[in-house]
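Here, each number is a calculation from the coordinates, and none is a lab measurement. Computed from a predicted structure; not experimentally measured. Using ideal geometry, Cβ is built from the backbone for each residue, glycine included, and neighbour counts are taken over all protein chains shown.
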Amino acid sequence: MNRCNLCNKNNLIEYLVIDISYIIYKCNDCEFIQLPQNRAAQLDDESNDNSIKQDKYRKTSKKDMEINSNVNFPDILKNLAHVIKEDTRRISECVENSIPPDKEIKFIDVGSGYGHIGFNIGNNNPNVDVHLLETSEERMDMGIKTFKPNINNFTFHHRVLDSSFIKEYFECFDVVLSFHVLEHVYDMINFMKNIYDITKSGGLIIIEVPNEDDDLQNFSENYKKIIHFPAHISYFTKKTLQLLLDRANISDSVDFIGVQRYGFFNYIDWIRYNNKDMVLSDDYTPRNKQSWIEKMWLNNKKENLTTDSIMMLIRKL
């Protein structure tokens, strides 16, 4: 019988049936939503393949592809160009706001994917020693070919975040980022412990994941199904993220921040049509002139943590 990946209790119930071969479970004890797994992370494994397939077969609207059409990306990344651009801007800004401009610091992106966030931070901040850790060699190579960084300015790790890496880089980094990675990780408790161990005292850990408390799931059944897919093993809320920190024995100060990646009109189209093909756009890039109703909607989602993503900021004591 499968046990909960978070609390290890044997009390899982069906939460969402996508099809007969793909069933997501919820723990009746701790409320953690998951695909039960009992595997160790490996280089270039099935989890990596599923993540690449997620990008390759992403359905992107015609309006968003118009935005992406002038970007010189390989076909597999063309569908993601607008997402990559905006995520890079937002997360780079978050990291840069946390580092003194006159101090030499070490930064690592754990699960760096195509490397775009780390490349941007390194290119714009010569005082930051940027490391990128990625378990998929295919993604790493594709990112280097696409974004063409000066590879001598970055340290690449095609490795797993395991005891060997911890021993080599114990309390080494001032800022540790893991952006939409934790939901793919098999052993999330040890993953969190390891991230904590490579962070210096006084350092900052930034983790962002999809938010299972995203209220759009209550209004669109097909949206709920489309955001649950095999590349994701875990589905987090503020409550289960806090429980994860407790299980990893991390008791430092933590802030939970609601992050809305997809826009107001995307939200409305999902409610109106309940059909991805009818959704005009991701409405992903921030609008410079938000209407009063957009501002009210966004503020409400952030205040209630019903956004589509949630960020943890952990300051290590």
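Please check which bits of the stretch 8-44 a label hung off Lys53 would reach, taking the label as a point 7 Å along Cα-to-C-beta and the cut-off as backbone N under 12 Å.
22
Once R0 is set to 41 Å, what does the formula 1/(1 + (r/R0)^6) return for the Cβ-Cβ distance between Lys78 and Ala40, expressed as a FRET efficiency to the nearest 0.05?
Efficiency for this residue pair is about 0.75.
Give me Rg/Rg_expected for the chain, where Rg uses Cα atoms only and Rg_expected = 2.2 N^0.38 Å with N residues. Provide the component values of the computation, followed by the final result.
Numbers: Rg = 19.2 Å, N = 317, 2.2 N^0.38 = 19.6 Å.
Dividing the Cα Rg of the chain by 2.2 N^0.38 Å gives 0.98.
For His158, His228, His131, which order do you get if you count the other beta carbons within 10 Å of each Cβ and list the fewest first?
His158, His228, His131
For Lys62 paired with Ile293, estimate the spin-label separation in nm (one decimal), with each label point 7 Å from Cα along the Cα-to-Cβ line.
2.5
Please report, in debye to the nearest 20, how large the charge dipole of the stretch 83-200 is about its Cα centre when each Lys and Arg carries +1 at its beta carbon and each Asp and Glu carries -1 there. Provide the component values of the computation, followed by the final result.
Values: 12 positive and 19 negative charges, 39 e Å.
Value, rounded to 20: 180 debye.
Just to be sure I understand the model, the point goes 7 Å from the Cα along the line to the Cβ. What's the resulting Leu16 to Ala231 distance in nm?
In this crude spin-label approximation the distance works out to 1.5 nm.
If the reach is capped at under 13 angstrom between alpha carbons, list the aspartates and glutamates near Lys224, excluding any in the same chain fewer than eight residues apart.
Qualifying aspartates and glutamates at Cα under 13 Å: Glu212, Asp213, Asp214, Asp215, Asp308.
Identify unpaired cysteines across the chain, taking unpaired to mean no other cysteine Cβ lies under 4.7 Å from the residue's Cβ.
So far as the 4.7 Å Cβ criterion goes, Cys94, Cys172 stand without a partner in the chain.
Going by how many other beta carbons lie within 10 Å of each one, how would you line up Tyr114, Tyr57, Tyr284, fewest first?
So the residues, fewest neighbours to most, are Tyr57, Tyr284, Tyr114.
Between beta-carbons, use under 12 Å as the cut-off and find the net charge around Lys301, counting Lys and Arg +1, Asp and Glu -1.
Neighbour charge sum, excluding Lys301 itself: -3.
Counting Lys and Arg as +1 and Asp and Glu as -1, each charge on the Cβ, what is the dipole of the stretch 165-209 about the Cα centre in debye, to the nearest 20?
Using Cβ point charges on Lys, Arg, Asp and Glu, the stretch 165-209 gives about 100 debye.
At 0.36 nm per residue, minus the direct Cα-Cα distance, what do Leu280 and Ser251 gain on full extension? Give it in nm, one decimal, please. Write down the numbers at each step before the final one.
Working: separation 29, 0.36 × 29 = 10.44 nm, distance 4.32 nm.
6.1 nm is the gain from fully extending Leu280 to Ser251.
Work out, step by step, the length gained on full extension between Asn70 and Asp29: first 0.36 nm times the residue separation, then minus their alpha carbon distance; give nm to one decimal.
9.8 nm
Which whole-number percent of Cα pairs in the stretch 72-220 have a distance greater than 28 Å?
Every Cα pair in the stretch 72-220 considered, those over 28 Å come to 19 percent.
What list of ³J(HN,Hα) values in whole Hz, one per residue of the stretch 2-15 in order, does the Karplus curve 6.51 cos²θ - 1.76 cosθ + 1.60 (θ = phi - 60°) give from phi, with Gly and Pro shown as x?
5, 10, 5, 5, 9, 9, 6, 7, 9, 8, 8, 10, 5, 10
What spacing in nm lies between the two simple spin-label points modelled at Phe219 and Ile271, each 7 Å away from Cα in the Cβ direction?
Rounded to a tenth, the inter-label distance reads 0.2 nm.
I need the peptides 62-69, 289-296, 47-54 ranked by packing, meaning the mean over residues of other C-beta atoms within 10 angstrom, with the highest value on top.
Packing proxy ranking, top to bottom: 47-54, 62-69, 289-296.
Rounded to the nearest 500, what is the chain's calculated 222 nm mean residue ellipticity when only DSSP H runs of at least 4 contribute -39500 (n - 2.57) each, over all residues?
-10500 deg cm²/dmol
Compute, for the stretch 39-315, the length of the dipole vector about the Cα centre, with Cβ point charges of +1 (Lys, Arg) and -1 (Asp, Glu) only. Units Debye, rounded to 20.
Rounded to the nearest 20 debye, it is 660 debye.
On a 27 Å Cα-Cα criterion, which of the cross-link pairs Lys9/Lys238; Lys145/Lys238; Lys26/Lys193; Lys59/Lys301; Lys145/Lys200; Lys106/Lys167 come out too long?
Among Lys9/Lys238; Lys145/Lys238; Lys26/Lys193; Lys59/Lys301; Lys145/Lys200; Lys106/Lys167, the Cα-Cα distance tops 27 Å for Lys145/Lys238; Lys145/Lys200.
Can you put Phe229, Phe165 in order of Cβ neighbours within 10 angstrom, beginning with the fewest?
Phe229, Phe165
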